[in-house]
1. List the aspartates and glutamates whose Cα lies under 18 Å from the Cα of K214, skipping any in the same chain that are fewer than 8 positions away.
2. So if I place +1 on the C-beta of Lys and Arg and -1 on the C-beta of Asp and Glu, and nothing else carries charge, what would the dipole magnitude of the chain be about its Cα centre? I want it in debye, nearest 20.
3. Return the lysines within reach of K56: Cα separation strictly under 25 angstrom, same-chain partners fewer than 8 residues apart disregarded; answer none if there are no such residues.
4. Find the centroid of the Cα atoms in the range 244-268 and in the range 36-51, then give the distance between the two in whole Å.
5. Which ³J(HN,Hα) values in Hz, rounded to whole numbers, follow from the phi angles of the range 312-322 under the Karplus curve 6.51 cos²θ - 1.76 cosθ + 1.60, where θ = phi - 60° and Gly and Pro get x?
6. By the scheme Lys and Arg +1, Asp and Glu -1, what is the net charge of all other residues having a beta-carbon under 14 Å from that of W285?
7. Of the candidates V274, V226, V122, which one comes out as most mobile in a Gaussian network treatment of the chain with C-alpha springs shorter than 10 Å?
8. Can you tally the net charge around G196? Count Lys and Arg as +1, Asp and Glu as -1, for every other residue whose Cβ sits under 11 Å from the Cβ of G196.
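Every read-out reported here was derived from the displayed coordinates using simple, explicitly stated rules and does not represent laboratory data. Just so we're clear, the structure is a prediction, and the values are computed from it rather than from any experiment. All Cβ positions, even for glycine, are placed from backbone atoms using ideal geometry, and neighbour counts span all protein chains on display.
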Amino acid sequence: MKCWLLLGTLMIATLANAQRPEIFPDCQSGTPIPFNVGDSWGYLTASGIVIPPQFKSAGPFSGGLATACTLQGCAVINTKGQFVSPVHDPHTSVMMSKYSEGIGAVEKDGKWGYADVSGNVVIPPLFSYAGHFERGMARVSQGGKYFFVNRKGERITPEFDGAFDFSEDLAAVEVDHKIGYIRRDGTFALPAIHQGASGIDFSEGLVAVRIEGKVGFMDSTGSIIVKPSYDDAYPFSEGLASVTSGGKWGYIDKSGNLVVPLQYRIAHMFIEGVSSVLLSDSGKWGYIDKTGGFVLPPIYDAAMPFCAGVAQVESFRLIGVDSSICRTQRYEGKHGVIDHSGKYIWRDSNDQIWKSPFCY
């Protein structure tokens, strides 16, 4: 589906390889969320549209700032939609998509570095990947290896085959195809001895771990808390974690009790007290509470997790397949944004046609 309401990298049709409790840079109540009407982008909250569609593109807010582009160029805006930096030509100037601790990752000539709100480069573009800063550290990649740098761009941890961002002061790193966890000084808190699972980040004191092909959860001391018995699992969020076995998803609590049966084709993380799930029989999405009861009925053809009090939903039908090297499906329907009562904050007035982003 067209990911027109920017909710990070989590796609509607499938769970990403690793979910985080916060799938959007800033999901605090009242944070404006980008949405589009045709080719124009604006921002809305649970109270309605707060910045009318006027941009050619609009990035998510983080720390009260976002990058938006017009025909004249791109600039930083505040939550009122006002430009707070000079307008830059994105083809000749470095521009970042989101900010953290006053700076953001920028790309130039295929390399990534960091710049401040005014566009001044503070760390030269040297990396093949550059993540966001958090507590003065950022995850980067160079020469096929991953490590963390400080605000001067200096490497402050060893290099690893792979690395994830810090969560609860521990970061997952890959060494020889095994996953371990490091502290902020780069030393190992947990050695790289297990295989990883989709819920690779520590969340609410636990992390998913794969042992002999099955997934359970361990704590920060390395003790196994939930016996590995599932095919995969995602991080705990609001006291529950989604787990799968035999192609069905459900939810467990921190004692390993299955509190919502394995019955869904897809089950997202709980956010703002609810989770979007895909039913296996009808192929429809709805929202459940922590007992498994539906708080919003399964009537949607696509439904994303809530963020800042709103969620993206879609109603559509398949109308054909485009024949090309990358075959994609074509859909006709409406996009919408709902609040927790199921009321539409905004919805397409007429049916739209779009292509699936997935090739098959």
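1. D201, D231, D232, D253
2. Computed charge dipole of the chain: roughly 380 debye.
3. Candidates past the 8-residue exclusion: K2, K80, K98, K108, K111, K334, K355.
4. Each part reduced to its Cα centre gives a spacing of 35 Å.
5. My calculation for the range 312-322 gives 7, 9, 9, 10, 7, 9, 6, 10, x, 10, 7 Hz in order.
6. -1
7. Top of the fluctuation ranking is V122.
8. For residues surrounding G196, the net value is -1.
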